[in-house]
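**Student:** The structure's right below; bear with me while I get my questions together.
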Protein chains: 2
Amino acid sequence: MKAALFYPTLALCSALLLSACTSTPQQSAVSADLARLSDSALKSELAYDVVKSLTVEVGPRIAGSEGDKRAVVWAEEKFKALGFDKVYKEPVRVRNWSRGIADAKVIAPYQQKLFITALGGSVATPEGGLITQVVMFDSLASLKKADAAQIHDKIVFINQRMQRDRAGKGYGPVVIGRSQGAIEAAKLGAKAVLIRSVGTDNSRFAHTGVMQYSDDVEKIPAGALSNADADNLQAMLDAGKDVTLAVEMRAKEHGWQTSYNVIGEFTGSESPEEIVLIGAHLDSWDEGTGALDDGAGVGIVTGAAKIIKNVMGQPKRTIRVVLYASEEFGLTGAQEYTRKHKAELSNIIVAAESDFGAGEIYQIDTLFAPAAVEQAKPLFEALANIGVTQGHNQAGGGPDVSMLPKYGVPVVSLLQDGTYYFDYHHTANDTLDKVDPKALAQNQAAYALLAYFMANSEIDTRPAPAKTTNSH
Amino acid sequence: MKAALFYPTLALCSALLLSACTSTPQQSAVSADLARLSDSALKSELAYDVVKSLTVEVGPRIAGSEGDKRAVVWAEEKFKALGFDKVYKEPVRVRNWSRGIADAKVIAPYQQKLFITALGGSVATPEGGLITQVVMFDSLASLKKADAAQIHDKIVFINQRMQRDRAGKGYGPVVIGRSQGAIEAAKLGAKAVLIRSVGTDNSRFAHTGVMQYSDDVEKIPAGALSNADADNLQAMLDAGKDVTLAVEMRAKEHGWQTSYNVIGEFTGSESPEEIVLIGAHLDSWDEGTGALDDGAGVGIVTGAAKIIKNVMGQPKRTIRVVLYASEEFGLTGAQEYTRKHKAELSNIIVAAESDFGAGEIYQIDTLFAPAAVEQAKPLFEALANIGVTQGHNQAGGGPDVSMLPKYGVPVVSLLQDGTYYFDYHHTANDTLDKVDPKALAQNQAAYALLAYFMANSEIDTRPAPAKTTNSH
């Protein structure tokens, strides 16, 4: 049985005239509830306490590692300590790779150490390392057009700088060099590939991130130079010098390990089978403490659910917080979740993942059945009060829920300000001091509003419409 | 013989009424010359090209190292290539220390790697490292008051945060913990000391810098934690946990080596024995490429001298550019310079060192015989046009010339904006990308104005008055 809720007449009022519309008592009550929840969430340090706890007590947690195992234990204990109704974990087989050392230096015409890191999944160099000349390209596209004779037995340097952008739009055009660089360089006979870090900073922290091989192309070592070191190497090459590098990387595969998606729920009091899913990923890269990626997300969604319970009581639909395993190595946990829960995907009212750091949210995009967008006006109004404007209805929902819309699952993207996210993303410098507690609380409030509104209404967002754009 | 120059009537005009004063033809000519020089220096990329050349072609150059030897060769070649009249080097015996690895991790109650670096001059840990509990103090002063029983056989953690300030005023109160921490901790029986980095950044780069031992106190290893790692350790300790660290450092002394002060001059056409000395230090720490500290200074003073020659021709007094050896390990090169040149110190009209990064200059302080301050008004006016205001007459002149005033040598401090200097100072992150070419050119212009004005006037700044404050 479902309670009659608050949206019936709202669609009749235009947004601009809303204050002039006659509100039903339910509408006023809902707006007041949302305002009360938002205020509490803005004031609460819970999200920050959660990410602090994760980064201080666990720290790095690359999939399948000892740190990952500790993170799973931590997550279960955290959900239990916060009083979630149901806490459980679901096994996921994850790839376990370790970075090992990654050293590089210029040995001619000058002598300089270069700060590099291995790309995630890279093979090691041969024992003793590689010593050979380097050849520079300004993009993957340029590399693909190159003559093999120019590249044979050399190290390819893909020197493409990522541009800063609030929405992170600089990432896509550059990250292709990270994912495909080793394949394209190997096709042309290269010994290794080094890319300029996919990051917007000026620093000596190199940015890792997963890369790919192709079964029919030789696997060559792949690393990233820090932006500062890429500048230095570029300066030598721009001056027309033949530059020789010595590179050694000791990355290693350790086979498949068992990790877990860890799940905490507040069970719906009226429609427990209907699920509002908010998620983040529990794994991180190994060099930082995974504060922005994705400790912040873990804090935000965990804090949001708990604050709803504290302030508003038991939700009517189930609020499910999913902390996914092994996002970084190809959304492994999310794929397993989707496979395992296929039969109940049609019960998901909305899914949303927080995985873009800790910057303030400035926009909500949806992927709802069109009528539901109109019905969700009170949510948009409450979000507008904390600086979040309504965007389009072509949302992607975040990496770990990105495969759900094709099963008709509605998703929401709460877009975060990512202006500085890629200064720290996938580096040793992804640590708690980069998390602004105030911005994090605003995120917590936005997720609380989303989850509460969707859990305590009868709005049916299903089925998600087909996506016609690639907007995330 | 000296030419009659431009200051005779200037002292009669107040600064405010200057434009109303009747200028002599010489005064107008001087102002026009200074403006022309300043414009050229602001537009010239020479200082930037010099620091780029040094950081790309040489890079790290800790005193006595192979990098330092390459830097000496580089400096001689650079002076010659730029057409300095006299290029020579003077040997300096320097301490040669190497950092080796510096690893630290928390092994209980959690398991986390900590990013540290050895302080300059530290001894190594015993083979295999140290494993022991850590005890935290908020300052050196608190450590000095502590009970030895609390510290015996432990690692002392001095957790004092440096405050950001344009003039770098946050440095002094905190750096005392870096220089004296090992002595005070050892007196109380500590096994090692780790300080929170003396830096204003939030990052995982730890800041090195020279530290001291006392002959009558045991020498214990001394390192610095990055600010991010100090935060992490502090969070564990603030939560009341007993925290155990494993620390290994392999720093080493290599005895004394020969390095050089490298000197380039444009010889005075009328009073070659009178010297305008502008300097910087050639050595750097070993982790960064020494761009801000002190490649920027090398670029600024070298560029300034060369641009004077290019734009204004041969100076009347000698302009001497001194690139000092081993500033970081205790001003070794500057002390040797002072000793060796003692007989001619009375010929130095003014000395100034650029050693505070690459931020814009906002103030000029002098230490001149009082009458000379008034006579230098055209210089102050020209500097005002590029944003530099006149300060006090109690200047220190910069580290490598700081010992000269006691011999009566007048000095000038051109104060740079150091707001961000201590984000990078003494870290691996001190690289060329931190140097803003536009700000660097403004520095070049200020040094060019100073050196040209002092070299082409008859103003006698000597003897420097006694200093009554500690202003630098």
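Values in this text are rule-based calculations from the coordinates and carry no lab data. Predicted, not measured: the structure shown is a model, and the values here were computed from it. With ideal geometry, Cβ positions are generated from the backbone for all residues, glycine too; neighbour counts draw on all protein chains shown.
**Student:** Note the distances from B:Pro463 to each other copy's matching label point, with points 7 Å along the Cα-to-beta-carbon direction, in nm, sorted shortest first.
**Tutor:** 9.6
**Student:** Would you please give the FRET efficiency between B:Gln150 and B:Glu77, computed as 1/(1 + (r/R0)^6) with r the Cβ-Cβ distance and R0 = 51 Å, to the nearest 0.05?
**Tutor:** Efficiency, from the Cβ-Cβ distance: 0.35.
**Student:** In whole Hz, what ³J(HN,Hα) sequence does the range A:50-65 give by Karplus (6.51, -1.76, 1.60; θ = phi - 60°), x for Gly and Pro?
**Tutor:** Computed from phi, the couplings for the range A:50-65 are 5, 5, 5, 4, 5, 6, 7, 8, 10, x, x, 7, 5, 3, x, 7 Hz.
**Student:** Cα-based Rg of the range B:180-315 per 2.2 N^0.38 Å, rounded to two decimals? Numbers along the way, then the final one.
**Tutor:** Working: Rg = 22.3 Å, N = 136, 2.2 N^0.38 = 14.2 Å.
Rounded to two decimals, the normalised Rg is 1.56.
**Student:** Where does each of B:Tyr324, A:Tyr213 land when they are ranked from fewest to most other beta-carbon atoms within 10 angstrom?
**Tutor:** Neighbour counts put them in this order, fewest first: A:Tyr213, B:Tyr324.
**Student:** Another question, if that's okay. Let's test the formula: R0 of 25 Å, r as the Cβ-Cβ distance of A:Tyr88 and A:Glu66. What FRET efficiency results, to the nearest 0.05?
**Tutor:** For R0 = 25 Å, the calculated efficiency reads 0.70.
**Student:** Still on this structure, please answer the following. So what's Rg/Rh here for the protein assembly as shown, counting alpha carbon atoms and using the Kirkwood radius for Rh?
**Tutor:** With Rg and the Kirkwood Rh in hand, the quotient comes to 1.04.
**Student:** What percent of all Cα-Cα pairs in the range A:100-250 falls in each 10 Å bin, counting up from 0?
**Tutor:** 13, 47, 35, 6, 0
**Student:** Rounding to the nearest 10 and keeping the result within 0 to 90°, find how far the Cα-based axis of helix B:227-238 lies from the longest principal axis of chain B.
**Tutor:** Approximately 40 degrees, to the nearest ten.
**Student:** Antiparallel DSSP bridges in the protein assembly as shown: what percent, to the nearest 5?
**Tutor:** For the protein assembly as shown, the DSSP antiparallel bridge percentage is about 60.
**Student:** Add -39500 (n - 2.57) for each DSSP H run of 4 or more in the protein assembly as shown, then divide by its residues: what number comes out at 222 nm, to the nearest 500 deg cm²/dmol?
**Tutor:** Counting only the DSSP helices, I get -9500 deg cm²/dmol.
**Student:** List the distances, in nm to one decimal, from the label point of A:Asp39 to the label points of the same position in every other copy, shortest first, placing each label point 7 Å from Cα along the Cα-to-Cβ direction.
**Tutor:** 6.3
**Student:** Based on the Cα gyration tensor of the range B:99-165, what are the three equivalent ellipsoid semi-axes, each the root of five times an eigenvalue, rounded to whole Å and given largest first?
**Tutor:** After diagonalising the Cα gyration tensor, the semi-axes are 21, 17, 14 Å.
**Student:** Within the range B:254-277, whose backbone N sits under 19 Å from a point 7 Å along Cα→Cβ of B:Lys340?
**Tutor:** B:256-267, B:273-277
**Student:** Let me ask another. Long-range amide H contacts for B:Gly223: which residues qualify at under 5 Å (H placed 1.01 Å from N, peptide plane, sequence gap of 5 or more or a different chain)?
**Tutor:** Here B:Leu119, B:Val193, B:Leu194, B:Ile195 satisfy the definition.
**Student:** Could you tell me the calculated FRET efficiency between A:Glu253 and B:Ala167, based on Cβ-Cβ distance and R0 = 56 angstrom, to the nearest 0.05?
**Tutor:** It comes out at approximately 0.60.
**Student:** List the distances, in nm and shortest first, from the label point of B:Ala343 to the matching label points in every other copy, placing each point 7 Å from Cα along the Cα-to-Cβ direction.
**Tutor:** Here the equivalent label points are 10.1 nm apart from this one.
**Student:** Suppose a student asked you for the relative contact order of chain A, using Cα pairs under 8 Å spaced at least 6 residues apart; what percent would you report?
**Tutor:** So the answer I get is 22 percent.
**Student:** Now, a different point. As a footprinting exposure proxy, order B:Met454, A:Met236, A:Met403 by other Cβ within 10 Å, with the fewest listed first.
**Tutor:** Sorted ascending by nearby Cβ count, the order is A:Met403, A:Met236, B:Met454.
**Student:** For chain B, what is the Kirkwood hydrodynamic radius in Å, using each pair of distinct C-alpha atoms? Working shown, then result.
**Tutor:** Numbers: mean 1/r = 0.0432 Å⁻¹.
About 23.2 Å for chain B.
**Student:** With θ set to phi - 60°, apply the Karplus curve 6.51 cos²θ - 1.76 cosθ + 1.60 along the range A:410-419 and write out the HN-Hα couplings as whole Hz, x wherever there is a Gly or Pro.
**Tutor:** Taking θ as phi minus 60°, the curve returns x, 9, 10, 10, 9, 6, 9, 5, x, 3 Hz for the range A:410-419.
**Student:** Sticking with this structure for a sec: Kindly put A:Glu184, B:Glu66, B:Glu218, B:Glu248 in sequence by how many other C-beta atoms sit within 10 Å of each C-beta, fewest to most.
**Tutor:** Ordered by Cβ neighbours within 10 Å, fewest first: B:Glu66, B:Glu218, B:Glu248, A:Glu184.
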